[in-house]
Amino acid sequence: ETGVTQTPRHLVMGMTNKKSLKCEQHLGHNAMYWYKQSAKKPLELMFVYSLEERVENNSVPSRFSPECPNSSHLFLHLHTLQPEDSALYLCASSQGGGPTDTQYFGPGTRLTVL
Amino acid sequence: EDQVTQSPEALRLQEGESSSLNCSYTVSGLRGLFWYRQDPGKGPEFLFTLYSAGEEKEKERLKATLTKKESFLHITAPKPEDSATYLCAVKGYSSASKIIFGSGTRLSIRP
């Protein structure tokens, strides 16, 4: 595997379900991100982890719970979601604090909440 | 507040018809301006990072330029495979980690 991978690629869940999204980066980076991309809206940054510590949480509802067990893995735990949470969820990684600090994205998980 | 505005929202070109996409930005001290390409249902693919006014970068048929207020993505003699949404993003010194994205320009190249 190379780059940033995400599983599953597609997920359909009911409002009472609990599920998790997984992200893994193979780039040796030390920062990881979760973004939400809804139709016709810019990417919205949800969470940032740097060196496994959460450094940013952009007013995301508590039904989204991130976890970063190490610098290569990032999870987004989902529970009691709403239909408006249906979107493409993207994971990214970067070498935080470096001269370029460019973020590299995974393919995303298309989430549908019924 | 940092802001990014991209125009046009959508652009349809004939194959071989060159054009430019615009990204206007407001940021308190530019740390970097990024261009990404995104195909439908996929994650953004990194194209360029620009750091200072006057800088230019090229990749195949794409050339990105930067001024103090805007960036242009010039597409020369595009092909149908260049069809995608092109995203611009900026990162300022006011935030250590947050990148602000524009809404993107949806580019369609007709054969």
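If R0 is 45 Å, the Cβ-Cβ spacing of residue A:86 and residue B:61 corresponds to a FRET efficiency of close to 0.80. Working from label points 7 Å from Cα in the Cα-to-Cβ sense, the residue B:70 to residue A:95 distance is 3.4 nm.
Remark: mean inter-chain Cβ contacts per residue of A:35-45 equal 4, using a 10 Å Cβ-Cβ cutoff to other protein chain atoms.
Placing dummy labels 7 Å off each Cα toward the beta-carbon, the span from residue B:39 to residue B:106 is 1.8 nm. Using a cut-off of 14 Å between beta-carbons, work out the net charge of the residues near residue B:65 (Lys and Arg +1, Asp and Glu -1, residue B:65 not included). That sum, taken over residues with Cβ under 14 Å, equals +1. Taking the alpha-carbon distance from residue B:57 and a cut-off under 15 Å, which aspartates and glutamates remain once sequence neighbours fewer than 8 residues away in the same chain are dropped? Partners within reach: B:70.
Checked against a 23 Å cut-off, the cross-linked pairs B:68/B:91; A:41/B:79; A:41/B:91; A:41/B:68 give Cα-Cα distances beyond that limit for A:41/B:79; A:41/B:68.
Extending 7 Å from Cα along the Cβ direction at residue B:98 and again at residue A:19 yields two label points whose distance is 2.9 nm. From least to most packed, judged by other beta carbons within 10 angstrom and beginning with the fewest, A:43, A:114 follow the order A:114, A:43.
The local environment of residue B:76, defined by Cβ-Cβ distances under 15 Å, has a net charge of -2 under the rule Lys, Arg +1 and Asp, Glu -1. Toward the positive end of the charge dipole of the range B:26-102, with +1 on the Cβ of Lys and Arg and -1 on the Cβ of Asp and Glu, the farthest Cα among B:50, B:94, B:66 is that of B:94.
Laboratory data are not the source of any read-out in this text; all were calculated from the coordinates shown. Just so it is clear, the model here is predicted, and its values are computed rather than measured. Backbone-built Cβ (ideal geometry, glycine too); neighbour counts: all protein chains shown.
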